[in-house]
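Have a look at the structure below before the remarks.
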Amino acid sequence: METRELHENWKMRCTEASDWQEAVVPGTVYTDLLRNGNMENPYWKDNEDSICALMEKDYEYTCTFEGGNTEDFSSIFLRFEGLDTVADVYLNGELLGQPLNMHRVWEYEVQSLLKEGENTLRVVFHSPLNYIAEAYKKYGNIGNEDTYEGFMHLRKAHYMFGWDWGAHLPDAGIYRPVKLCKVKCGRFDSVYIRQNHEEGRCTLDFDAAYLVEEDGNYEVHVTVTSPKGETFKTVLSQEGCGSLTIENPELWWVNGLGAQPLYEVEAVLFCNGEAVDTWKRRIGLRTMTMQRNKDEWGESFAHEINGKAFFAMGADYIPEEHLLGKRSKERTRQLLMDCKLANYNVIRVWGGGFYPDDWFFDICDELGLAVWQDFMFACSVYELTPEFEANIRQEFIDNIKRLRHHASLGLWCGNNEMEMFVDERCWVTKPSEVRDYLFMYERIIPEVLQEYDPQTFYWPASPSSGGSFDNPNDPNRGDVHYWQVWHGNKPFSEYRKHFFRYASEFGFQSFPCKKTVETISDDPADWNIFSYIMEKHQRNYGANGKIMNYLQQTYRYPGEFDTVLYASQLLQADAIRYGVEHFRRNRGRCMGAVYWQLNDCWPVISWSSIDYWGRWKALHYYAKRFFAPVMISCQEESWLTQEANMNRQHFEFEKSIWLNVTNETLADKEIQVKWYLRNAEAEILREETEIVSVPALTSVWLDKVELPEVDVFTEYVSFEAWEKGEKISEGTVIFSYPKYFKYEEPNLKWSVEGNTITVSADTYAKSVEILNENEDLVLSDNYFDLNGDSKTVEILRGKPENIRVRSVFDIR
Ligand code: BMA
């Protein structure tokens, strides 16, 4: 097959205006308008409102291209890999189709229309806002309140119409490649590869679907090349079936458990001895599923790779951009590399966005991040008309065929939160919506998966206990979304009361750093968390006040705007640390801590650990530590964990430490644990050491130690885990609230040498932050504690210019 990308000579305009503008394809309306100077920055101040209104209009794209030879082919088609949407597609004035789903691939046979010379392609995008407003009038369904009415009726990423972290910016356009494909005799539809693993060998079963357009002798030759360059070959049967056995396969593992060797598969379709089409992909040899075993607590829910159950460590991923034309492989790579740096092994693609680009999965394959992939349904009930059903069925087929070969594809999941909401009859207005829920996620998707990807695990919803409204958010089975901390206003010590099997969402917001705030507004009058502009960039109603409420529980009143931002990030980091450390200590019963959320799609106040500009919040550094393969943590009992009221009679609370080492590697570990009781100057008052054996994939508790005499205002405990003479994990705990602890002035000092920064403190310094001029440093560690000592960190990204340092002592 001859394939040519049609990415040249494009122009675009609003159908109501006559001026054509240069267009970039793949790209989008917003990105073209912005590049051509015909639109303001939508992320600046409250520009969002007027820029959203631009989508009340229609836009058209057109290009001319040479058809070239049209004679020697059995068929010629146009392939659109992503049209976002409510589109009309014309070739030389003839309407080819009206794509109504951004998640699908659209192909149109054009041989009879195509001219050898100049051809004109035209794509019109009708207003998605008008479309959903009309649909709302017709069906009246309601759904997530942060989103524009009627959003669920259009197969277009929901977040574009607003979310509790997303703006109302429904971009549109030709957001993925357009190709002209000329076929000789036949072509591949796709190739499905099934893996069968036995001790020391892996058999690959191929099922090649190809479309035959002429009589002839067809053959498919398959070559598999190992990472070392060995090749394995086979010729498939006329039906496209055949197998290959690989002895001693190099297995693919998730990050932390092993390497990510990738095998290249090339299938070539021959027609009468001539190669007419090639299909090439990379695969990883592994088994991956979810373990669900009945046990003393209920039923386990854990990822299993190559027979080993592992603890899921990661976050929920949302689309990286509102302006879809600004997506890039490089940006995604940086984001996912930052996940690997923070020791993730899992990432959940949340269902209110769009199915990720191929590069997202390619990078996850390379980095060892198992992907929990939602189908694109979230927080709404859908009107399952026959047209809607046909549309989503094809959407499933397109995406399953596109993604099923990836080593990193961990599981498919039906939707975000709908089993739970339908069960509670939230947004349900008629009984048919309950029936349709079951049709969609418990019949149609399983049916399609049975045909196209039977080897990948399917889970009907997140959260779920297995489906059929059987207590979807059951803490003892399946996955859980836990929002009592944050939405429920519970203190973050509350996480410790729960022993979920797999927490796939729990989160806590923070402000981005000052440099990111400056990309929202340069007016100092806006730099106040309750200003109109700051609240325009806070989409969870009233949540800047919620941050302040949590802040007062923990820290002293931060006098300056910039200190509020810092304190909010520490609060967020500690909240999630409380949850994750607790879940990991209870490894076995709990097998997953996937926090909400990894990233942002515009500069916003949200639950993310990495902001829109790729800047790491304190949480991302904390994640690097609390997701460390071998981690020491402390379940302390303190004033904070027991919420004791000091003005009550018999004001008393337990003071104790209970250390735990958890080992998420395949090797047994001998760990030296040291802990110290110290005063605020960090002087050692007591010191203990112990050797602990921590078998592979386990979590081991040390003995609990009561410290009734501790002075909660001036004494604290630091603890460390050492392996083979190297300190691999550490932390500190206090026994009051940070706001009451009498931190001594740490006199933080810093120096830069080559690629490193060294910071020292005279006393106990909590959550030491190192910032540069651009606030974009990525360091090997940051927001760490110093015990009157120093620490040297490596610079991974950014320039060490105008370094500033501060610690909790400075929240005053
Ligand atoms: C969860 C998600 C999102 C939402 C987040 C924060 O329920 O599934 O819909 O953005 O909480 O509220």
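The values are calculated or read from the model by the stated rules, or taken from the named source; none is laboratory data. Everything numeric here is computed off the predicted structure, so don't read it as measured data. Note that we place each Cβ from the backbone using ideal geometry, even for glycine, and neighbour counts take in every protein chain shown.
Among the candidates E71, E22, the residue that is more than 30 Å from R393 (Cα to Cα) and either basic (K, R) or modelled with pLDDT under 95 (or both) is uniquely E71.
Sub-8 Å Cβ pairs linking a first residue in segment 133-151 that is in contact (Cβ under 8 Å) with a residue 40 or more places away in the chain to a second residue that is within 16 Å of the ligand (Cβ to nearest atom) and of a type in the set (K, R), at least 6 apart or interchain, are D146/R539, ordered by first then second residue.
Checking each residue in segment 155-172 for being crowded, with 22+ Cβ neighbours inside 10 Å, in a loop (DSSP other than H, G, I, E, B) and either within 13 Å of the ligand (Cβ to nearest atom) or of a type outside the set (D, E, K, R) (or both) picks out A157, W165, L169, P170, A172. Which residue is farthest from the ligand (Cβ to nearest atom), if the candidates are limited to segment 603-623 and must be over 13 Å from E775 (Cβ atoms), among the hydrophobic types (A, V, I, L, M, F, W, C) and in a loop (DSSP other than H, G, I, E, B)? For segment 603-623, the residue satisfying everything is V604. For residues in segment 534-571 being buried (at least 18 other Cβ atoms within 10 Å of the Cβ) and of a type in the set (S, T, Y), which is nearest to W486 (Cα to Cα)? Step by step, filter segment 534-571, then rank; the result is Y550. Would you mind stating whether E366 is outside the structural domain of E264 (by TED's automatic domain parsing) and over 22 Å from I305 (Cα atoms)? It is false that E366 is outside the structural domain of E264 (by TED's automatic domain parsing) and over 22 Å from I305 (Cα atoms). Taken over segment 100-133, residues that are within 27 Å of Q373 (Cα to Cα) and either part of a loop (DSSP other than H, G, I, E, B) or of a type in the set (S, T, N, Q) (or both) amount to 6.
If a residue counts only when it is within 16 Å of the ligand (Cβ to nearest atom), which strands (runs of 3 or more DSSP E) contained entirely in segment 210-323 have at least 2 such residues? Spell out how you get there, then give the answer.
Numbers: elements: 218-225, 231-236, 241-247, 263-271, 274-283, 288-291, 302-305, 308-310, 312-317.
Where strands (runs of 3 or more DSSP E) fall fully within segment 210-323 and carry at least 2 residues being within 16 Å of the ligand (Cβ to nearest atom), they are 312-317.
Checked against the criterion of being surrounded by fewer than 20 Cβ atoms within 10 Å (Cβ to Cβ) and either in a helix (DSSP H, G or I) or in contact with a Pro (Cβ under 6 Å, 6 or more places away or on another chain) (or both), segment 400-412 has at least one qualifying residue. Answer yes or no as to whether Y59 is in contact with a helix residue (DSSP H, G or I) (Cβ under 8 Å, 6 or more places away or on another chain) and farther than 29 Å from I605 by Cβ. Considered against the rule, which asks whether it is in contact with a helix residue (DSSP H, G or I) (Cβ under 8 Å, 6 or more places away or on another chain) and farther than 29 Å from I605 by Cβ, Y59 comes out as yes. Pick out the one residue from N586, N599 that is closer than 25 Å to K669 by Cβ and not aliphatic (A, V, I, L, M). Going through N586, N599 in turn, just one is closer than 25 Å to K669 by Cβ and not aliphatic (A, V, I, L, M): N586. Each residue in segment 190-209 was checked for being in contact (Cβ under 8 Å) with a residue 40 or more places away in the chain and part of a strand (DSSP E or B), and 13 pass. Being touching a residue at least 12 places away in the same chain (Cβ under 8 Å), in the same structural domain as D316 (by TED's automatic domain parsing), away from the ligand (no atom under 16 Å from the Cβ) and out of contact with any strand residue (DSSP E or B) (no Cβ under 6 Å at 6 or more places or on another chain) is a property that does not hold for D423. Here segment 396-408 is the region considered, the condition is being in contact (Cβ under 8 Å) with a residue 60 or more places away in the chain and closer than 13 Å to L449 by Cβ, and the residue that is farthest from the ligand (Cβ to nearest atom) is K401.
Against the list (1) touching a residue at least 24 places away in the same chain (Cβ under 8 Å); (2) touching a strand residue (DSSP E or B) at 6+ places or on another chain (Cβ under 7 Å), the condition Y437 fails is (2).
Would you check if there is a residue in segment 518-532 being part of a helix (DSSP H, G or I) and within 16 Å of the ligand (Cβ to nearest atom)? No; the residues of segment 518-532 include none that is part of a helix (DSSP H, G or I) and within 16 Å of the ligand (Cβ to nearest atom). Consider segment 347-370 and keep the residues that are within 16 Å of the ligand (Cβ to nearest atom) and assigned to a strand (DSSP E or B). The one that is farthest from V381 (Cα to Cα) is I347. Of F439, F500, all but one fail to be of a type in the set (F, W, Y) and in a loop (DSSP other than H, G, I, E, B); the exception is F500.
Checking N540, N476, N471 one by one, the residue that is under 30 Å from W412 (Cβ atoms), within 16 Å of the ligand (Cβ to nearest atom) and part of a loop (DSSP other than H, G, I, E, B) is N540 and no other.
Would you say E745 is surrounded by fewer than 19 Cβ atoms within 10 Å (Cβ to Cβ) and not aliphatic (A, V, I, L, M)? In short, yes. Screening the candidates Y148, Y136 for the property of being of a type outside the set (K, R) and part of a loop (DSSP other than H, G, I, E, B) yields one hit, Y148.
From the residues in segment 371-380 that are within 16 Å of the ligand (Cβ to nearest atom) and assigned to a strand (DSSP E or B), which one is farthest from N144 (Cα to Cα)? Only one residue tops the list, namely W372. A Cβ distance below 8 Å, combined with a sequence gap of six or more or placement on separate chains, defines the contacts here; from segment 593-613, residues that are more than 22 Å from N345 (Cα to Cα) reach residues that are small (G, A, S) and surrounded by fewer than 24 Cβ atoms within 10 Å (Cβ to Cβ) in the pairs I605/A543.
Yes/no matrix, rows are residues, columns are (1) in contact with a strand residue (DSSP E or B) (Cβ under 7 Å, 6 or more places away or on another chain); (2) in contact (Cβ under 8 Å) with a residue 24 or more places away in the chain; (3) assigned to a helix (DSSP H, G or I):
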residue: M12; (1), (2), (3): yes, yes, no
residue: P26; (1), (2), (3): yes, yes, no
residue: D32; (1), (2), (3): yes, yes, yes
residue: E40; (1), (2), (3): no, no, no
residue: K45; (1), (2), (3): no, yes, no
residue: T64; (1), (2), (3): yes, yes, no
residue: T70; (1), (2), (3): yes, yes, no
residue: F73; (1), (2), (3): yes, yes, no
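So, in segment 376-418, exactly how many residues are modelled with pLDDT of 95 or more, more than 30 Å from D365 (Cα to Cα) and among the acidic types (D, E)? So the answer is 2. Among the candidates E383, E447, the residue that is surrounded by fewer than 20 Cβ atoms within 10 Å (Cβ to Cβ), away from the ligand (no atom under 16 Å from the Cβ), outside any loop (DSSP other than H, G, I, E, B) and among the acidic types (D, E) is uniquely E447.
Checking each residue in segment 30-73 for being surrounded by fewer than 18 Cβ atoms within 10 Å (Cβ to Cβ) and among the hydroxyl-bearing types (S, T, Y) picks out S50, T62, T64, T70. P558 satisfies every condition listed in (1) part of a loop (DSSP other than H, G, I, E, B); (2) under 30 Å from W639 (Cα atoms); (3) without any contact (Cβ under 8 Å) to a residue 12 or more places away in the chain except (3). For segment 479-502, indicate whether the set of residues that are within 15 Å of the ligand (Cβ to nearest atom), among the aliphatic types (A, V, I, L, M), closer than 27 Å to G614 by Cα and assigned by TED's automatic domain parsing to the domain that holds M376 is non-empty. Yes, segment 479-502 contains at least one residue that is within 15 Å of the ligand (Cβ to nearest atom), among the aliphatic types (A, V, I, L, M), closer than 27 Å to G614 by Cα and assigned by TED's automatic domain parsing to the domain that holds M376.
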